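> The structure is given below, and queries will be raised subsequently.
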């Protein structure tokens, strides 16, 4: 009986004995494994792209460094050939060298944008500069029979060229000269037509004094172009020093002293000089059809000789001397900052002192003399005399 029961009990297969039961993997685990695989593949792709981008940046940096080195080489060639030689080139030749430099730098900038552009060799630029400079040297030789006065023309041109804006000029300093004040000048020829600019005794005296002072300064062999740039930079940018001297001599030959007809010397209205007062536009009419008018903006206010005269009249300042401001009619608007004047106070100024002082404060504005307004005001109020009527 017991044997029959044992035979009826089912037995497990031999291959299933001793093993735990295993259940199929869930769907969520399969999705997790799939996501991990995708993340690993994305990370490998990202690292590959980063490595490729880094290699590209390294190549680009190396290319730009090469371009910068080439530009530095070009600038070094230009400095050694043009600036370091300390030679004042004619304007035309100077512009040629600057244009060559601009074109050369432009080629390198194009190369920086396009990696396939060929490199420009420095020796080619050196050859171009040398050709221009050799032509400039041949051009500067004058006729054999011409012997102009020896003047020091070695100035730091590039410092003057880049620092001068023609709107804010350096301060003007008083200069002394040992030249003879009674020097004679070439007689006025019929070709030297004058422009009726100085119409009163005061403007004639002031204009003549400024022209005489400027001529002494220009012909002083101890003064270089660099030293006189604050006073004559507006003209020396375009004309040689000797031509400016020649024009001053022609002006000093006129009687009464007036500008001479020459379109190379326009009326340069720097900082509204010549048009400062209500009737100032009338001052420029004689120059419209003759030497011309060139307007240069400036943050500072500037005067010409007529502006100085009208300023004195506007402030009610009387000049002691031959010039009589009473010939003008109008109401005085004399105002001194911080002071209220009584009606019986009279402001007077010695004419000779004023003309001598302003002749050392002027600059060359083409065919006329110019004065910084604050210099004029400072000089006037330091020398004015107050008296009771």
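> Could you give me the residue pairs with C-beta distances under 8 Å whose first residue belongs to segment 41-69 and is touching a residue at least 40 places away in the same chain (Cβ under 8 Å), whose second residue is in a helix (DSSP H, G or I) and surrounded by 10 or more Cβ atoms within 10 Å (Cβ to Cβ) wherever it lies, and which are 6+ apart or on separate chains?
Qualifying pairs under 8 Å: 63/112; 64/112; 67/108; 67/109; 67/111; 67/112.
Residues are listed down the side, and each one gets a yes or a no for (1) farther than 27 Å from residue 353 by Cα; (2) in contact with a helix residue (DSSP H, G or I) (Cβ under 9 Å, 6 or more places away or on another chain); (3) part of a helix (DSSP H, G or I); (4) at pLDDT below 90:
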position: 217; (1), (2), (3), (4): no, yes, yes, no
position: 257; (1), (2), (3), (4): no, yes, no, no
position: 286; (1), (2), (3), (4): yes, no, yes, yes
position: 308; (1), (2), (3), (4): no, yes, yes, no
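> Shifting gears a bit: Keeping to segment 273-291, report how many residues are more than 17 Å from residue 231 (Cα to Cα) and in contact with a strand residue (DSSP E or B) (Cβ under 7 Å, 6 or more places away or on another chain).
Keep residues of segment 273-291 that are more than 17 Å from residue 231 (Cα to Cα), which gives 274-291.
Going one step further and asking which of them are in contact with a strand residue (DSSP E or B) (Cβ under 7 Å, 6 or more places away or on another chain), we end up with 274-276, 284, 287, 291.
Within segment 273-291, residues that are more than 17 Å from residue 231 (Cα to Cα) and in contact with a strand residue (DSSP E or B) (Cβ under 7 Å, 6 or more places away or on another chain) number 6.
The values are calculated or read from the model by the stated rules, or taken from the named source; none is laboratory data. All figures in this text were calculated on a predicted structure; none of them were measured in a lab. Cβ atoms come from the backbone with ideal geometry, glycine included; neighbour counts cover every protein chain shown.
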